[in-house]
1. I need the full set of residues from segment 84-95 which are within 11 Å of Leu68 (Cα to Cα) and buried (at least 23 other Cβ atoms within 10 Å of the Cβ), in order please.
2. So, in segment 162-177, of the ones that are part of a strand (DSSP E or B) and small (Gly, Ala, Ser), which residue ends up modelled with the lowest pLDDT?
3. Could you pull out the residue among Leu120, Leu103, Leu151 that is surrounded by fewer than 22 Cβ atoms within 10 Å (Cβ to Cβ) and touching a strand residue (DSSP E or B) at 6+ places or on another chain (Cβ under 7 Å)?
4. Taking Leu242 as meeting all but one of (1) crowded, with 20+ Cβ neighbours inside 10 Å; (2) in a helix (DSSP H, G or I), write down the number of the exception.
5. Looking at this structure, is Arg234 at pLDDT 90 or above and either over 16 Å from Leu132 (Cα atoms) or surrounded by fewer than 24 Cβ atoms within 10 Å (Cβ to Cβ) (or both)?
6. Take residues that are at pLDDT 75 or above and more than 20 Å from Leu260 (Cβ to Cβ) and tell me which of the strands (runs of 3 or more DSSP E) falling wholly in segment 1-92 contain 1 or more.
7. Looking only at segment 172-189, which residues are over 10 Å from Ala278 (Cβ atoms) and surrounded by 23 or more Cβ atoms within 10 Å (Cβ to Cβ)?
8. Which of (1) touching an Asp or Glu at 6+ places or on another chain (Cβ under 7 Å); (2) under 18 Å from Val256 (Cβ atoms) is the odd one out, the single condition Pro99 does not satisfy?
Amino acid sequence: MAFCMLKAPAGPRAERNLHQEAEDGPCATRGISREYRDPWVVLDMSEVLVIAKPPGWEVYDGNAERQLADYLVNLQRGRLPILTDLKHGCGFIHRLDVPSSGLVIAATTYHAWYDLQFQLVTGTLLREYLVLAHGFVYRDPNARWSTIAALLRWSDDAVAAAHGMGKPSETRLRVLGHVTDPSGRSFALLVIRIVTGRKHQIRSHLAWKGHATVTDGKYTGPQTLTEDLRLCARNFLHRCHLSLRRGTVCVEEHHVWQPLALDLVEALRELRPKDLAAQKAQETWCSSSEPAEFMCTEGP
């Protein structure tokens with residue numbers, strides 16, 4: 001079993017004055033430190049790369065100025081057909097919304113891509129996120145995880161909606177604690193694990209439950225967004241942990257962990273814990289230490 005950890009870069013306090021920073025546009029990186037504006041390779045296994053995606057970057061599709069697919073090509077690993085093959089995601093196994101940050105997996109060969117896709121559909125490739133959501137989220141004392149299962153469909157303006165029609169989607173969450181901001185608004189600090197990987201799945205599922213993610217210009221109203229921008233300049237959603245397997249005869253499980261970027265750490269520090277569990281979670285996530293829950297890959 002292999003572990004990889006990297007520290008969040010330092011940088012200035014985020015400036016908060018544009019609603020567009022909460023949307024999917026190129027302004028999403030405003031206020032992020034210079035070091036965190038560019039992607040970097042966290043784990044290099046030759047045919048498989050784990051890349052840290054800063055906010056404001058699109059994985060591929062060409063809808064934003066900064067493309068992670070271009071970064072992958074510019075690594076100059078030779079002429080690799082998969083890197084320009086849109087049918088195979090330009091080598092990427094999954095996406096991450098433009099305003100979000102965190103870990104992304106890419107394959108440089110078709111063999112590795114299909115192997116990782118198999119892990120994705122069979123649930124052996126684990127993806128976990130830290131999310132700050134609005135309101136008081138109920139914590140079941142008898143269950144480690146709670147489940148949101150709702151069909152998702154997409155409208156013409158690329159907003160996902162949970163209704164009685166659409167594709168099956170499943171999100172699992174664990175409540176770490178509850179906090180309040182200086183104005184008294186309540187939030188929940190959540191660890192999210194996705195079973196399916198639909199577009200905007202986490203954001204739309206939480207909004208459907210009445211607990212939209214903080215600073216989400218697509219799934220909250222203008223007044224809420226304005227108040228959120230005083231706390232955090234971009235969507236508080238960070239893919240912090242990935243677990244994948246490599247090898248055929250001798251299978252090795254790799255865990256890759258990325259702490260929060262400084263802008264999210266500073267937003268979290270402005271909040272007041274409502275209980276000891278929230279205080280412990282806040283202290284852990286504001287440090288560079290690895291939370292113990294991400295050393296474990298058991299099911300819910």
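The values are calculated or read from the model by the stated rules, or taken from the named source; none is laboratory data. No experiment lies behind these values; they were computed from the predicted model shown. Glycine gets a Cβ as well: all are built from the backbone with ideal geometry, and neighbour counts include every protein chain shown.
1. Hits for segment 84-95 are Gly91, Phe92.
2. Among those residues, the one meeting the criterion is Ala162.
3. On the way: Leu120 fails: touching a strand residue (DSSP E or B) at 6+ places or on another chain (Cβ under 7 Å); Leu103 fails: surrounded by fewer than 22 Cβ atoms within 10 Å (Cβ to Cβ).
Exactly one of Leu120, Leu103, Leu151 is surrounded by fewer than 22 Cβ atoms within 10 Å (Cβ to Cβ) and touching a strand residue (DSSP E or B) at 6+ places or on another chain (Cβ under 7 Å), namely Leu151.
4. (2)
5. Numbers: at pLDDT 90 or above: yes; either over 16 Å from Leu132 (Cα atoms) or surrounded by fewer than 24 Cβ atoms within 10 Å (Cβ to Cβ) (or both): no.
Criteria not met by Arg234.
6. Values: elements: 2-5, 40-44, 48-53.
Answer list for segment 1-92: 40-44, 48-53.
7. Leu173
8. Checking Pro99 against (1) touching an Asp or Glu at 6+ places or on another chain (Cβ under 7 Å); (2) under 18 Å from Val256 (Cβ atoms), the one that fails is (2).
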